[in-house]
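Structure first, commentary second.
Each reported figure results from applying straightforward, stated rules to the coordinates on display, with no laboratory input. Source: prediction; values computed, not measured. Please note: Cβ atoms are built from the backbone with ideal geometry, for glycine as well, and neighbour counts cover all protein chains shown.
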Amino acid sequence: MAVNFLKQKSKMIWSGLFLVFAIGMLLLGLDLRSGSAHMDEHGYLFVGRQLLSGQTWPSHSYIFGFDLSWYLFGYFDKYFGGLAGARVASVCMGVISLLGYYLFNRQLWDSSAVAVVATLLLASSASHLFVSSIATYDIVAVCLLCWAMLFAVKAANSKSRLTVVCSAVLLGLAVLSKYILVSYLPLIALVLLVVNPRQAIVGGFIVATMLLSYGAWHFSELAELYAVQISGVHSANTTRWDILSRVAQQIGLPIMLCAIAGYYLLFCSSGERQKPTAKLLLLVVFSLPLPLYHFLGGNLISLYKHLHYSLLFLLPIIAWFLVESISRFNLFRSVRAQVSLFVILIAYLAGNYSILQKIRNGYPDSRELSQRISQILNSQPSALSEDPYIFRYLAVDQNRILQENFKETTWLDNNADGKHTMQDVKDALWDRKYDVVLLTDQIHPALNDEYRKILELKDYELI
């Protein structure tokens, strides 16, 4: 009786800690500049509002995800207080993803302790706090992937068709919500083929049907997306050394802790129990696809958000190592061990706080700018901007303003020759074709120095 009571009390304590951290994550997410939209949010919320109003927009030709996410965020933006409402939806999905992540780890390790530790590490990570507090498709993909992995582990260990159907549907939706997650499909398929071939065939058929149907339906737009975005904008834009240094800055500590866990597994763990070598190796393999994509392609765009997916598979290794170490060596009885664990925890939290601050500072506060643009829109201006979607989003309820009035510097074709060059922008500025020009220094800061010289020569009013 006493043993059962202690077990139940322990589970209650772990559950209570999980709930406190989940609520803390929610509050921190809501506090992340809720009044200042980021560049991507302007674009996505505009698309959502357009679609909800029955209008069309060529989103599939330049956004790496399907329209369901934009309907969701657009709905919350329209009916629940604008940007703040859309971000509430993100935070809720962030918490839901934590629940899925907990259940995934619980199923993987058959240990509530490891599952709770992994979930708390994720809940306090900078990348999860960030993607859970802005209205973009990243948190949609993370949420779907966490639950898909839960059902994938269940499907691998059972004959239930329901589990593999749930896993396949969720995985298909995750890939459609963020196309780059397609890199996980070969790994998942290979593991299922080895462990449970029948489930792999059923799941593979469902996912393939979903993706091929979607691809056929939007073939022309996706072909344009590949030609312009993947082969153009997202081609090599930095050195591989820069990629490695940024990976080290963001997830260097988790990688180091995983290396320590590997050393422990090989040289320190007891031989009395079966070692989880296969699980740990698979988690390492699943953490590699997106860093390798950026490293091999020399592509820096969205690296910090994509590393979040690596973190999803590294944190379970760290959680297993911490719980295993505490259990085997009775670390809570050693003052020196307690201090060491405390130092590791503080380093992890401090590192994540520093990363979160860098991410925050990487996006300008656009509240005053939004107010100014809202005033300017009353005169129905034409605008050329690095971020045209701030104009589109703020004008979405003003039907009298044509969206064709707003152009983007990166994709301006001033002389209609089918090309988008710096000279097109210079010529348009020189001829004063636009009433308002907005340069945010977020996309091409070096070019803006030249553009500003022309603006001064042409007597634009500088604000």
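Descriptive notes on the structure:
- Listed residue (Ile188, Thr56, Phe205) projecting farthest to the positive dipole end of the stretch 13-361, Cβ model: Ile188
- The phi torsions of the stretch 281-298, fed into the Karplus equation with coefficients 6.51, -1.76 and 1.60 and a -60° offset, translate into couplings of 5, 5, 4, 4, 4, 6, 7, 8, x, 6, x, 5, 4, 6, 5, 5, x, x Hz, rounded to whole numbers, with Gly and Pro shown as x.
- Relative to its residue count, the stretch 375-463 spans a Cα convex hull of 98 Å³ per residue.
- In Hz, Karplus ³J(HN,Hα) per residue of the stretch 363-370 (6.51, -1.76, 1.60; θ = phi - 60°; x = Gly, Pro): 10, x, 6, 9, 5, 5, 4, 4
- Cross-link reach list, aspartates and glutamates versus Lys178, counting only Cα pairs under 20 Å and skipping chain neighbours closer than eight places: Asp40, Glu41, Asp67, Asp138, Glu221, Glu224
- Rounded to the nearest 20 debye, the dipole size of the chain about its Cα centre is 2380 debye, using +1 on the Cβ of Lys and Arg and -1 on the Cβ of Asp and Glu.
- Checked against a 25 Å cut-off, the cross-linked pairs Lys159/Lys279; Lys358/Lys407; Lys407/Lys458; Lys433/Lys453 give Cα-Cα distances beyond that limit for Lys358/Lys407.
- Fully extending the segment from Ala416 to Arg161, taken as 0.36 nm per residue of separation minus the present Cα-Cα distance, adds 86.3 nm.
- When each of the peptides 374-387, 170-183, 113-126 is scored by the mean number of other C-beta atoms lying within 10 Å of its residues, the order from highest to lowest reads 113-126, 170-183, 374-387.
- Extended-chain gain in nm, criterion 0.36 nm per residue less alpha-carbon gap, Ser302 and Val343: 11.7 nm
- In the chain, Cα pairs under 8 Å separated by at least six residues give a relative contact order of 15 percent.
- Per-peptide average of other Cβ atoms within 10 Å, ordering 414-420, 244-250, 138-144 highest first: 138-144, 244-250, 414-420
- Cα-based helix-to-principal-axis angle, 161-177 vs the chain, degrees rounded to 10: 30
- Gain upon complete extension [Tyr62, Arg360; 0.36 nm per residue less C-alpha separation]: 104.8 nm
- Range of Cα positions in the chain per principal axis (Å), largest first: 81, 50, 44
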